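K.L.:
If you scroll down you'll find the structure; I have some questions about it.
The values are calculated or read from the model by the stated rules, or taken from the named source; none is laboratory data. For clarity, every value in this text was computed on a predicted model and none was experimentally measured. Note that each Cβ is placed from the backbone with ideal geometry, even for glycine, and that neighbours are counted across all protein chains shown.
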Amino acid sequence: MKPEQDAVGRAMLDFLESRGGCELVERDDGTIEPSGGPEIYFSDPSSWSPEALEALSHVRGRVLDVGCGAGRVALFLQDRGHEVVGVDLSPGAVEVSKRRGVKDARVMSVTQVGPELGTFDTIVMFGNNFGLMANGRRARWLLRKFHRMTSKSGRIVAESLDPYRTTEERHLAYHRLNRRRGRMGGQVRIRARYQHYRTPWFDYLLVSESEMRGLLEGTPWCLEKTLTSGEPTYFAVIEKSKT
Ligand SMILES: C[S@@+](CC[C@H](N)C(=O)[O-])C[C@H]1O[C@@H](n2cnc3c(N)ncnc32)[C@H](O)[C@@H]1O
């Protein structure tokens, strides 16, 4: 990643050093909105929802935190005795994670993780990071890869946002546009922006629970449990199929 592409990391570094840091997300239909970060990426467990905390109670053993950001989940789990490896595409995010105490954080894309990282008991994808599955094809490829990287009772604990739980016409129109383009409704094409920093455009996959079930079909994983507080976001505990 070129330095001027690390919008996410730069915003986190500025936030860490009390210099602001309002990250924007731009969608390919021209919508630009604050992402909620970096504040949320630094948030304290005391402000997390009961569902988030319950989802984390399903974490077992050695953990891979995919897209660890500023390390809030990795730190929470480390404090509870888990060995955690955090990976993030953003060098700035990894620097922030390390400065905040994450013992093992590495600059790496979700597409680059593999057996050289060792075997994990749980893969965590918080902050809507099920979205890093990007599209149906990549989701099935990553799910097979995650299966090989995890122990016999391995699991994925992921957060997603159901894109259809909205009445806002601009979002509903975007879902229709996506379907016309042969994409899933919530397959958003976005980039993060901060000051003059811009990430490259990338696909982020927002799925409903039934779409998540559909993606898992034919993979060696099944959706064991979902936790939702009635918000559009929900947490999924995904386990290895018993067969
Ligand atoms: C919404 S933030 C979530 C951060 C953290 N998981 C949390 O819950 O606070 C998304 C993170 O995913 C990272 N990311 C984006 N694309 C990625 C990729 N292809 N591989 C790994 N991390 C990625 C971003 O740099 C960012 O830190």
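K.L.:
Can you tell me which residue is surrounded by the most Cβ atoms within 10 Å (Cβ to Cβ) among those in the range 31-43 that are in contact (Cβ under 8 Å) with a residue 12 or more places away in the chain and more than 14 Å from F126 (Cβ to Cβ)?
P.N.:
The qualifying residue surrounded by the most Cβ atoms within 10 Å (Cβ to Cβ) is P38.
K.L.:
Right, next: From the list E54, E17, E4, E26, exactly one residue is surrounded by fewer than 17 Cβ atoms within 10 Å (Cβ to Cβ), more than 9 Å from the ligand (Cβ to nearest atom), within 18 Å of the chain's Cα centre (by Cα) and not hydrophobic (A, V, I, L, M, F, W, C). Which is it?
P.N.:
The unique qualifying residue is E54.
K.L.:
Keeping to the range 1-27, report how many residues are part of a helix (DSSP H, G or I) and farther than 14 Å from Y41 by Cβ.
P.N.:
3
K.L.:
Right, here's the next one. Take the residues in the range 129-161 that are more than 16 Å from the ligand (Cβ to nearest atom) and of a type in the set (D, E, K, R), then tell me which one is surrounded by the most Cβ atoms within 10 Å (Cβ to Cβ). I'd like the intermediate steps shown before the answer.
P.N.:
First, pick out the residues of the range 129-161 that are more than 16 Å from the ligand (Cβ to nearest atom): 136, 140, 144, 147-148, 150-155.
Now drop any that are not of a type in the set (D, E, K, R), which leaves 140, 144, 148, 152, 155.
On the way: R140: 17, R144: 13, R148: 11, K152: 7, R155: 25.
Top of the filtered list is R155.
K.L.:
Another question about this same structure. I'm checking my understanding of the structure. Among residues of the range 67-101 that are buried (at least 24 other Cβ atoms within 10 Å of the Cβ) and of a type outside the set (G, A, S), which one is nearest to T226 (Cα to Cα)?
P.N.:
V73
K.L.:
Can you give me the number of residues within the range 93-120 that are away from the ligand (no atom under 14 Å from the Cβ) and either in contact with a strand residue (DSSP E or B) (Cβ under 7 Å, 6 or more places away or on another chain) or within 20 Å of S151 (Cβ to Cβ) (or both)? Full working, then the answer.
P.N.:
Keep residues of the range 93-120 that are away from the ligand (no atom under 14 Å from the Cβ), which gives 99, 101, 103-104, 115-116, 118-120.
Going one step further and asking which of them are either in contact with a strand residue (DSSP E or B) (Cβ under 7 Å, 6 or more places away or on another chain) or within 20 Å of S151 (Cβ to Cβ) (or both), we end up with 104, 115-116, 118-120.
Residues meeting the conditions: 6.
K.L.:
So, one more: Could you count how many residues in the range 184-224 are free of Cβ contacts under 8 Å to residues at least 60 places away in the same chain, part of a loop (DSSP other than H, G, I, E, B) and closer than 30 Å to A11 by Cα?
P.N.:
Residues meeting the conditions: 4.
Conditions (1) at pLDDT below 95; (2) outside any strand (DSSP E or B); (3) over 14 Å from the mean Cα position of the chain (by Cα), marked per residue:
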position: L77; (1), (2), (3): no, yes, yes
position: G127; (1), (2), (3): no, yes, no
position: R148; (1), (2), (3): no, yes, yes
position: S151; (1), (2), (3): no, no, yes
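K.L.:
Scanning for something more than 25 Å from P3 (Cα to Cα), more than 13 Å from the ligand (Cβ to nearest atom) and either among the hydroxyl-bearing types (S, T, Y) or modelled with pLDDT of 95 or more (or both), does the range 82-92 turn up at least one residue?
P.N.:
yes
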